[in-house]
1. Using θ = phi - 60° and the Karplus relation 6.51 cos²θ - 1.76 cosθ + 1.60, list the HN-Hα couplings for the range 189-200 in order, rounded to whole Hz, with x at every Gly or Pro.
2. So how strong a dipole does the range 153-270 carry about its Cα centre when Lys and Arg Cβ are +1 and Asp and Glu Cβ are -1, to the nearest 20 debye?
3. Can you work out the accessible area per residue across the range 30-70, with the rest of the protein chains kept in place, probe 1.4 Å, in square angstrom?
4. Taking the Cα centre of the chain as the origin and placing charges on Cβ (Lys, Arg +1; Asp, Glu -1), which of Gly124, Ser59, Gly92 is farthest toward the positive end of the dipole?
5. Over the C-alpha atoms of the range 288-343, what are the Rg and the largest Cα-to-Cα span, Dmax, in Å?
6. Mind listing the Cα extents of the range 174-293 along all three principal axes, in Å, largest one first?
7. On a 29 Å Cα-Cα criterion, which of the cross-link pairs Lys189/Lys270; Lys161/Lys250; Lys127/Lys330 come out too long?
8. Of (i) 20.1; (ii) 24.4; (iii) 21.3, which is the value of Kirkwood radius over Cα pairs in Å derived from the coordinates here?
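The values are calculated or read from the model by the stated rules, or taken from the named source; none is laboratory data. Note that the structure is predicted; figures quoted are calculated from it, not measured. Quick reminder, even Gly has a Cβ in these numbers, built from the backbone with ideal geometry, and neighbours come from all protein chains shown. In case anyone asks, the SASA skips ligands and DNA or RNA and just uses the protein heavy atoms, side chains included. Shrake-Rupley method; radii C 1.70, N 1.55, O 1.52, S 1.80 Å.
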Amino acid sequence: MRPSLLKSASQLLRRQRGYSSAAAGANPERKVAILGAAGGIGQPLSLLMKLNPLVSSLSLYDIAGTPGVAADVSHINSPALVKGFMGDDQLGEALEGSDVVVIPAGVPRKPGMTRDDLFNINAGIVKALCTAIAKHCPNALVNMISNPVNSTVPIAAEVFKKAGTYDEKKLFGVTTLDVVRSKTFYAAKAGVPVTEVNVPVVGGHAGITILPLFSQATPAVNALSHEDIKALTKRTQDGGTEVVEAKAGKGSATLSMAYAGAVFADACLKGLNGVPDIVECSFVQSTVTELPFFASKVRLGKNGVEEVLGLGELSDFEKEGLENLKGELKSSIEKGIKFAHGN
């Protein structure tokens, strides 16, 4: 990889938060483990985390194929040391000493696959992986990408509770892709530079539970009609389906999800390292609504969640969307809790 490309990727992940190369060199050593590293999300995510200057050790785990991915990624001339682990007997070693664990493991959504199909496969995988996390790196920040996030995060919480290791400040559902999409779609429609846009996205991480707050988007523009906002909201909610259909059933949103996962993991690392004012949206244990888990803006710090931020002022359209999503989100959360206790 050309040094200029490596530098550009690293700078993108730093996201203009004031890290000079000298400052990055002064950071503590951090180990990141990726569970599901040989998959469609895992491979590009592994690449992006290898480029992150805050990562000193990169542990790549999957049930098969990981040695090849690890060998490939390890040839990149960036500082992180890469090790690959494969199979159940190497999972503990892969996790040992991790500061951040990112979980993209599981099967992607395919055409014709019901949410129940997706749930039954991925829920079992997540439960097994979280059982190992509780044993081998109970203090790690856990970034859950495996879908359905609205259910897998509650599953993880119950597994950690049973093991006596649960810390609500250290479990995150990664909803960053919803934010990435809403920023991209808003910028295109509003005619503003995409790199300057921010849009909070709250609720959950599936269908109508995804609620972008375009009324709070910055930079604010007055050119968007109510119909524009409705269309942008629906496109953000249906973003995953848009990609599945565009790939004609041969894949899902792997590349954009890997980027979003890398952005959120980077934010967690910055928080751990004491960088102030790191705020991202994430699906966490929350009292923002009556639901036990909810996605909203979260301030990250040395212990994970430093503060769960409120929703702010909502438009009438957003208030309606909030009420409409609660039933489905509540059902998904309860489904995850029931699975964790019943299997």
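1. Result, ordered by residue: 6, 8, x, 10, x, 5, 6, 9, 8, 9, 9, x Hz.
2. 180 debye
3. 24 Å²
4. Ser59
5. 14.1, 42
6. 40, 39, 33 Å, listed from the longest principal axis down.
7. Lys189/Lys270; Lys161/Lys250
8. (i)
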